[in-house]
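Worksheet for the structure shown next.
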Amino acid sequence: VMMANVWVFELFRYVGAAYLLWLAIKSLRAACYGRPVTTKAEGGRRSFLRGLTIHLTNPKAILAWGAIYAIALPSGASGADIWALFGTLIVASAFVFLGYAVLFSAPRIAQAYARAARVFDAGFGLLFGAASIRVLTARIVPG
């Protein structure tokens, strides 16, 4: 199916590479110029809604969840199987994000992360840039 519609795959490839390049530029600019980092506490509801909005609109998260469904569910999976996987993923995600919240609520860890933010930004900028180039230079070889 994909080989019959190579143009769709190519479109996704260019859009993905552009997105990765945008992330690289954004990260490298933050590494060079810094960004305001605060360690003050925000309200729980506001933090939750902000994080939920970011996560639900993040194309990487959407694609990752889609990939998990494609890998974990056999073809012809029942509705119960789909909902069971969904529930498992929700619980696992909740534990991961709860772990982040507990970890970064410690002032010393939050301050250490804030001090290292420019190093992280530079590293991610380089990784995103390399990934963008890799996506752009990859070629489809018909089988």
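Things worth noting here:
- Restricting attention to the stretch 78-97, the residues that are of a type outside the set (S, T, N, Q) and under 17 Å from residue 61 (Cβ atoms) add up to 10.
- Matching entry among 132, 93, 105 (being under 19 Å from the mean Cα position of the chain (by Cα) and closer than 23 Å to residue 44 by Cβ): 93
- If only residues of the stretch 9-38 that are among the charged types (D, E, K, R) and over 15 Å from residue 132 (Cα atoms) are counted, the one that is surrounded by the most Cβ atoms within 10 Å (Cβ to Cβ) is 29.
- Pairs meeting the criteria (first residue in the stretch 95-119 and closer than 18 Å to residue 51 by Cβ and of a type in the set (S, T, N, Q), second residue modelled with pLDDT under 90 and surrounded by 10 or more Cβ atoms within 10 Å (Cβ to Cβ), beta carbons under 8 Å, at least 6 apart or on different chains) are 105/41.
- One residue from 45, 50 being basic (Lys, Arg), modelled with pLDDT of 85 or more and within 25 Å of residue 128 (Cα to Cα): 50
- Of 79, 125, all but one fail to be among the small types (Gly, Ala, Ser), surrounded by 13 or more Cβ atoms within 10 Å (Cβ to Cβ) and at pLDDT 90 or above; the exception is 125.
The values are calculated or read from the model by the stated rules, or taken from the named source; none is laboratory data. Please read these numbers as outputs of a predicted model, since none were measured by experiment. Because the Cβ atoms are built from the backbone with ideal geometry, glycine has one as well, and the counts that use them run over all protein chains shown.
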